[in-house]
């Protein structure tokens, strides 16, 4: 019996400043609470242990902003000799629960990533969305498809991490 249901929708490529801006969205039903899944996604320092393409992550700062927490992190991503580093601002809101990542600097002209967690019978629905544009069309051509494949595995990687941390649970019907 599958442990989750996946809803994938490739968001159509959009034109912006004569460049293509790929987006990716997935929804996944998992047998964990929204708070459990939020905690896993919010634990960014652990990403190199299980997240595809993530080779390193350093948190540069953390600040409380009312009900939210903001952090600035540097992530190293790589695949077969290609390596890129980017800095992002991550906003965590445990009360909703949601997580949003915005580009500070790196090989992108645009990078927005959102995670939403909503309670469902027997667990929660995890929504993952990312919208990005590389500065270099050459880089986009070289690794764009690889990024799309990796994004397709992100929610699955977090679900597997949840089974590791919280214990194996029966799937959502």
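The requirement of being outside any strand (DSSP E or B), within 22 Å of residue 132 (Cβ to Cβ) and either under 16 Å from the mean Cα position of the chain (by Cα) or at pLDDT 50 or above (or both) is not satisfied by residue 12. Every test in (1) in contact with a strand residue (DSSP E or B) (Cβ under 7 Å, 6 or more places away or on another chain); (2) modelled with pLDDT of 90 or more; (3) closer than 17 Å to residue 157 by Cα is passed by residue 24 save one, and that test is (2). For residue 82, the conditions (1) surrounded by fewer than 15 Cβ atoms within 10 Å (Cβ to Cβ); (2) without any contact (Cβ under 8 Å) to a residue 60 or more places away in the chain all hold with the exception of (2). Criterion applied to 162, 150 was being under 15 Å from the mean Cα position of the chain (by Cα), at pLDDT below 85 and crowded, with 16+ Cβ neighbours inside 10 Å, and the one residue passing it is 150. I'd like to check something: does region 50-64 contain any residue that is under 16 Å from residue 152 (Cα atoms), in contact with a strand residue (DSSP E or B) (Cβ under 7 Å, 6 or more places away or on another chain) and at pLDDT 95 or above? No, there is no match, as no residue in region 50-64 is under 16 Å from residue 152 (Cα atoms), in contact with a strand residue (DSSP E or B) (Cβ under 7 Å, 6 or more places away or on another chain) and at pLDDT 95 or above. Filtering 95, 109 for residues that are part of a strand (DSSP E or B) and at negative phi leaves a single hit, 109. All of (1) buried (at least 18 other Cβ atoms within 10 Å of the Cβ); (2) within 13 Å of the chain's Cα centre (by Cα) hold for residue 102 with one exception: (1).
The values are calculated or read from the model by the stated rules, or taken from the named source; none is laboratory data. Nothing here was measured: the structure is a model prediction, and the numbers come from that model. Heads up, the Cβs are rebuilt from the backbone with ideal geometry, glycines too, and the neighbour counts pull from every protein chain shown.
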